[in-house]
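Contents: one structure, followed by commentary.
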Amino acid sequence: MAAAAPVLAAPRMAVDLPATRLGDAAIQLAQSASVTIGMTDPALARLPTRALHGHMTVDQALSRLLRGLPARADRIDVAGWRIVPAPPANPVAPRKATTETTRLSPEEGDIIVTGSKTGTRFDRYAGTASVLSGADLTLGEQGRGSDALVERLPTFASTHLGSGRNKLFIRGVADSSFNGPSQAVVGEYLGEVRLNYNAPDPDLSLYDVRAVEVIEGPQGTLYGAGALGGVVRIVPEPVDLTAHEVRIGLDREITAHAGNGYDAVGLVNLPIVPSVVGLRALAFTTMEGGYIDDAGRGLTNVNRTHKSGGRVTADFRPGAWRVQLGLVLQNIDSADGQYAVRGYAPLTRSNRVAQPFDNDYLLTHLTVARDWGATSFVSAGAFVRQRASSRFDFTSNGAASPRIFDQSNHIELFTDETRLSRLDSSGQGWVVGASLLYDKEKLTRAIGAPAAPTRILGLSNEVTEGALFGEAGHQILPGLVATAGARLEYAHLVGKPLDRAARVGEPRRDEVALLPSISVSWQADPQWMLFARYQEGLRPGGLSVTPNPSGPPTAQRFHGDSLSSVEGGVKMLPDASTRLRAAVTFSYSHWENIQADLVDMRGLPYTANIGSGRIWGAEASVDWRPTDNLSLTAALFANQSSLTYAEPGVTLDASQEIPNVPHFGASGRVHYHRPVGGRWQIDLDASARYTGHSRLGTKPDLYIEQGNYGQSSASARFGTPRWGLSLQMDNLLDQHGNMFALGNPFGVSAGQQLVPQRPRTIRFGIDARF
């Protein structure tokens, strides 16, 4: 069980634990003290404990909590404890991390899936989830954000259009390749607050992150609209209220056939009033050198991307309450598109003008929380302002003067969720809550000469959503837990063209939906768990520019879509003798009235409902630790999708596949850690991933094949938990596989565009902690 960041002192605190089970008591104590408490033996989690009250240190609380139980607490670092059987029964030592935090990885049987909102233990969660530790990410991966997650998780996919302009997909639920007014199919969160609604992935850098959770399948009951494929939840390191800390990281990037880049990040943690008020802030800047040449303008390495920003979090603990106020800023500037065109030299295309992209992102959030024993109250609100603008070369073949297409998307998003829950690591917790969301999008477009393009039809979409939700688990028989929940959601939609002369139908709409969920988990014995789950998700509709063959484009409504999914599988749980974790999952999804962002014959974007479809999926994963210093992980995913009904004019027929998700994907990783004397240690890591083929779109001129490529990387770090030197190499074989078959929508129908892999890249880095 894990919670919050480590502390470097042993202050006394108020402890108020009811009589419960050891697993739940450990969770509550870890959250109250902002420390990490782990437990690898599931049998220990079920031991009964007495009530515990008073002011004491964590060591004292654990000593009293375990008094009379066949267990002891071993301290593993400055703020980490592990509860093991006593006397020892060949316990498995935790794998050392490259920082002084306990790893959150699928190897540890005590991970909590916080995205469940009830503190369910990873091995008892009746669904498919991945928990990636921030300590496992190299400095270069932290700067790359979502791309690093895509490379590590086979069921996680991206459009690869470029940082800050991608769409993310999970488990085969992918609507289209283009960015428009339709809502994202993956819910993205930073801690308790939502990051986006109908905007591209903001691609937040993953610096100072404790963990990243990816929960697969529709999550409508707990997360509402826009989580058809699943949820990605970034868990940041919280403020340490007791210790000063400074961290820095520097990374130099050298890329073959390309420009060079760098990563630089600095962090400071300040306990302003120890144990009461603290501040944690970080700032970063990264540069990815370009690797695409433009023969038409005689330029090399045009697609340089610069990302900069930071986070500031203030934590205030007035008594038993926790108040957190935060600010996130991030700017992404890409000098040009990252695509090439077949027929030219490798990594080359030809254009008349540059095609830059800019994404400016701001997030402010406020969270208020309190615990009463195992009962937890959380209220989190956030405001997001996002500005995404892009330019494409719109020049016709043989034209004397260049022409451009500009698109700008201005988005404001307000969200709030308040909930009350009872934490229970076995899956028997409950949660009830209410949420409110307001999103306003203003999409403007222009075509013409680069110096003075002419405005064309733009759109404004507003969505107001309110919801009540609840979910609860109950043990029916020993080892058998059933969970049921539902969400009642109301959405008010208002769409209008920014050109009053445009024809509009049905500008306002009200939608009400009920999103149920039910799951069952059965722990047949301490090493095996079976589970099954049914859940639904939805997206409301909106207003879009629609092609008009007889005249200028018009504004038309597209309808909301919904997805229902059933999954089932088996998990093999680790113990001290096997050191092995494995899982196999099968899933089926039915997607009704699919909404997708498309392009018309001229390349102009619009949104429409393309039909209905189904997705069959199978996935497997295995984690094995043959020794204390060596770990091996592997995962694979197979997907088969097709349209069961096709809207005339926007698809080939009802048998074609849903776009952008490969039929097959696989990944593997080897990690080796070895102390080399004193506090010195070396960490070696190597990984490989294969991505199978997929299709770009559903329209006849977009049914273009992409994918079918491999990726590989290796890294090494030598040093101590306080500082170290690192070396990382990506794309070891210097491959140029086609990750995505789109760069410019106005030339994509020729089928010659491709986004090649970044050439072989070597990074030299240094990190330090004071």
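Of all the numbered requirements in (1) surrounded by 16 or more Cβ atoms within 10 Å (Cβ to Cβ); (2) without any contact (Cβ under 8 Å) to a residue 40 or more places away in the chain; (3) closer than 27 Å to residue 14 by Cβ; (4) of a type outside the set (Val, Ile, Thr), residue 319 misses one, and that requirement is (1). Take residue 662 and decide whether it is surrounded by 16 or more Cβ atoms within 10 Å (Cβ to Cβ), touching a residue at least 40 places away in the same chain (Cβ under 8 Å) and either more than 28 Å from the chain's Cα centre (by Cα) or closer than 20 Å to residue 142 by Cα (or both). Answer is no for this residue. Inspect all residues belonging to segment 591-610 and state whether any of them is assigned to a strand (DSSP E or B), open to solvent by less than 50 Å² (accessible area, probe 1.4 Å), farther than 28 Å from residue 560 by Cβ and in contact (Cβ under 8 Å) with a residue 12 or more places away in the chain. The answer is no, given that none of the residues of segment 591-610 is assigned to a strand (DSSP E or B), open to solvent by less than 50 Å² (accessible area, probe 1.4 Å), farther than 28 Å from residue 560 by Cβ and in contact (Cβ under 8 Å) with a residue 12 or more places away in the chain.
If you go through segment 164-181 and pick out every residue that is closer than 21 Å to residue 639 by Cβ, in contact with a Ser or Thr (Cβ under 6 Å, 6 or more places away or on another chain) and not aliphatic (A, V, I, L, M), you end up with 5.
Number of residues in segment 733-770 that are of a type in the set (S, T, N, Q), at pLDDT below 90 and open to solvent by less than 10 Å² (accessible area, probe 1.4 Å): the value is 0. A count restricted to segment 170-198 and to residues that are open to solvent by 10 Å² or more (accessible area, probe 1.4 Å) and either of a type in the set (A, V, I, L, M) or without any contact (Cβ under 8 Å) to a residue 24 or more places away in the chain (or both) stands at 2. Note on segment 432-453: residues that are open to solvent by 20 Å² or more (accessible area, probe 1.4 Å) and either assigned to a strand (DSSP E or B) or at positive phi (or both) total 9.
Here are some residues: 296, 259, 290, 278. Which one is over 29 Å from the mean Cα position of the chain (by Cα) and touching a residue at least 24 places away in the same chain (Cβ under 8 Å)? Walk me through it before giving the result.
On the way: 259 fails: over 29 Å from the mean Cα position of the chain (by Cα); 290 fails: over 29 Å from the mean Cα position of the chain (by Cα); 278 fails: over 29 Å from the mean Cα position of the chain (by Cα).
296 is the lone residue from the list that is over 29 Å from the mean Cα position of the chain (by Cα) and touching a residue at least 24 places away in the same chain (Cβ under 8 Å).
With in contact (Cβ under 8 Å) with a residue 60 or more places away in the chain, of a type in the set (A, V, I, L, M) and on the phi < 0 side of the Ramachandran plot as the only criterion, which of 716, 750, 768 stands out?
On the way: 716 fails: in contact (Cβ under 8 Å) with a residue 60 or more places away in the chain; 750 fails: in contact (Cβ under 8 Å) with a residue 60 or more places away in the chain.
When all the criteria are applied, what remains is 768.
Of all residues in segment 382-401, exactly one satisfies the criterion of being within 30 Å of residue 351 (Cα to Cα), hydrophobic (A, V, I, L, M, F, W, C) and open to solvent by 50 Å² or more (accessible area, probe 1.4 Å), namely 400. Just a yes or no: is a residue in segment 579-587 of a type in the set (A, V, I, L, M, F, W, C), farther than 30 Å from residue 392 by Cα and buried (at least 23 other Cβ atoms within 10 Å of the Cβ)? No, that holds for no residue.
Of all the criteria given as (1) free of Cβ contacts under 8 Å to residues at least 60 places away in the same chain; (2) under 30 Å from residue 441 (Cβ atoms), the one not satisfied by residue 370 is (2).
Among the listed residues 426, 408, 379, 421, identify the single one that is of a type outside the set (Lys, Arg), at pLDDT 90 or above and surrounded by 22 or more Cβ atoms within 10 Å (Cβ to Cβ).
Testing whether each residue is of a type outside the set (Lys, Arg), at pLDDT 90 or above and surrounded by 22 or more Cβ atoms within 10 Å (Cβ to Cβ) leaves just 421.
Scanning segment 716-731 for residues that are among the basic types (Lys, Arg), touching a Lys or Arg at 6+ places or on another chain (Cβ under 7 Å) and crowded, with 20+ Cβ neighbours inside 10 Å yields nothing.
Just one of the listed residues (456, 476) is under 30 Å from residue 393 (Cβ atoms) and either hydroxyl-bearing (Ser, Thr, Tyr) or assigned to a strand (DSSP E or B) (or both), and it is 456.
The set of residues in segment 20-55 that are over 35 Å from the mean Cα position of the chain (by Cα) and either crowded, with 17+ Cβ neighbours inside 10 Å or within 30 Å of residue 571 (Cα to Cα) (or both) comprises 48, 49, 52.
Looking for whichever is modelled with pLDDT under 95 and either under 21 Å from residue 531 (Cβ atoms) or in contact with a helix residue (DSSP H, G or I) (Cβ under 6 Å, 6 or more places away or on another chain) (or both) here; the options are 473, 458. Which one fits? Don't jump to the end; show me each part of the working.
Working: 458 fails: either under 21 Å from residue 531 (Cβ atoms) or in contact with a helix residue (DSSP H, G or I) (Cβ under 6 Å, 6 or more places away or on another chain) (or both).
Exactly one of 473, 458 is modelled with pLDDT under 95 and either under 21 Å from residue 531 (Cβ atoms) or in contact with a helix residue (DSSP H, G or I) (Cβ under 6 Å, 6 or more places away or on another chain) (or both), namely 473.
Out of all the residues in segment 130-148, which are under 13 Å from the mean Cα position of the chain (by Cα), open to solvent by 20 Å² or more (accessible area, probe 1.4 Å) and hydrophobic (A, V, I, L, M, F, W, C)? Give the derivation first.
In the first step, residues of segment 130-148 are kept if they are under 13 Å from the mean Cα position of the chain (by Cα); the result is 130-134, 142, 144-148.
Retained after the next criterion (residues that are open to solvent by 20 Å² or more (accessible area, probe 1.4 Å)): 130, 132, 142, 144, 147.
Across segment 130-148, the qualifying residue is only 132.
Taken over segment 208-249, the criterion of being in a strand (DSSP E or B), aliphatic (A, V, I, L, M) and modelled with pLDDT of 90 or more is satisfied by 209, 212, 214, 215, 231, 232, 234, 235, 246, 248.
Among the residues of segment 754-770, which ones are in a strand (DSSP E or B) and either of a type in the set (A, V, I, L, M, F, W, C) or more than 23 Å from residue 689 (Cα to Cα) (or both)? 754, 755, 762, 764, 765, 766, 767, 768, 769 - these are the residues of segment 754-770 that are in a strand (DSSP E or B) and either of a type in the set (A, V, I, L, M, F, W, C) or more than 23 Å from residue 689 (Cα to Cα) (or both).
Within segment 469-494, being among the charged types (D, E, K, R) and open to solvent by 20 Å² or more (accessible area, probe 1.4 Å) holds for one residue alone: 471. Against the test of being within 24 Å of the chain's Cα centre (by Cα) and not in a strand (DSSP E or B), the options 401, 421, 425 yield a single qualifying residue, 425.
Run down 574, 626 and say which single residue is over 20 Å from residue 153 (Cα atoms), in contact with a helix residue (DSSP H, G or I) (Cβ under 9 Å, 6 or more places away or on another chain), in contact (Cβ under 8 Å) with a residue 12 or more places away in the chain and open to solvent by 10 Å² or more (accessible area, probe 1.4 Å).
Details: 626 fails: in contact with a helix residue (DSSP H, G or I) (Cβ under 9 Å, 6 or more places away or on another chain).
Residue meeting the stated conditions: 574.
Scanning segment 691-744 for residues that are basic (Lys, Arg) and in a strand (DSSP E or B) yields 695, 717.
The values are calculated or read from the model by the stated rules, or taken from the named source; none is laboratory data. This structure is a prediction, so every number in the text was calculated from the model and none was measured. Using ideal geometry, Cβ is built from the backbone for each residue, glycine included, and neighbour counts are taken over all protein chains shown. The accessibility values were calculated without ligands, DNA or RNA, using every heavy atom of the protein model including side chains. Shrake-Rupley method; radii C 1.70, N 1.55, O 1.52, S 1.80 Å.
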